[in-house]
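Read-outs throughout are calculated quantities, based only on the coordinates presented, and are distinct from any laboratory measurement. Note that the structure is a prediction, hence the values are computed from the model and not measured.
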Amino acid sequence: MPDSDSTEGPGDAIRRRPGRPSRSNEELLDTAFGLFLEKGFAGTSIDAICAAAGMAKRTVYARYGDKETLFKAALTRAIDGWLVPIDHLRAQECDDFEASLLRIGAILLDNVLGVEGLQLLRLTNAEAVAMPEIAMENVRLGTDPTLAYLADLFHRNLGGPAQAFPAADDAAKAFLNIVVAGPASNAAWGMHVDPAAIDRHTRYSVGLFLRGVRDEAPPAPVGARQGDAGELGRLLREAEEGLALARRRVEQAGQLVKD
């Protein structure tokens, strides 16, 4: 969209005043977001955003209509750039389920405790009272995809051969609450984040989560349990036969010594 200082007559090319190049929409959103972070929603004016972005007010209003719409667009762009891609989380999976969860938890914590993560958390917390829809949008954009991935992970690792774990959705929420939410909340309120303490928290929380969630995992199929019992019985019979054979040989050896 041309800058508002541009004019265009019938059949004429777009003309702009010297020194007023068009700014990209991404630059506008990034500039606006920086001011919202610094001064908050109420303390940031459209005039200040226009001055910082080098854009005419009419151009900004033509694109976004009002400050609230611009704020939400800037916040959405910031969240999109901050999110951990699901493919990156999936790449942490390995044969050891607990090790997979430790890696995934560490990545999520590192992301939310980083500078961008804490900025987003503090800004949305501060403005969510007046605009609760931004908190819901934050969940839709950031939390929901992660929850869906975790639920699928639990289906695949805790659901047995059928890959069906009824508590997968609740387990996904519990994992984020136990492993990620506590340190994130503490850091957002300004508490010091010690990397060693975060590592201990992650390991303890993942272990605690696993001990609880495995109790809810579906039992092994009846056929599998019977097969396991049959294998155990076979091994016991072989052991008994081996012991009987050993006793006979000891008795034979004792008889030879007497003779």
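Let a ≥ b ≥ c be the square roots of the eigenvalues of the Cα gyration tensor of the range 104-163; is it rounded (a/c under 1.5), or, if not, prolate (a/b larger than b/c) or oblate? Please list the in-between numbers first.
Values: a/c = 5.00, a/b = 1.92, b/c = 2.60.
Oblate.
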Extension length gain for residue 66 and residue 48 (0.36 nm per residue less Cα distance), in nm, is 5.1 nm
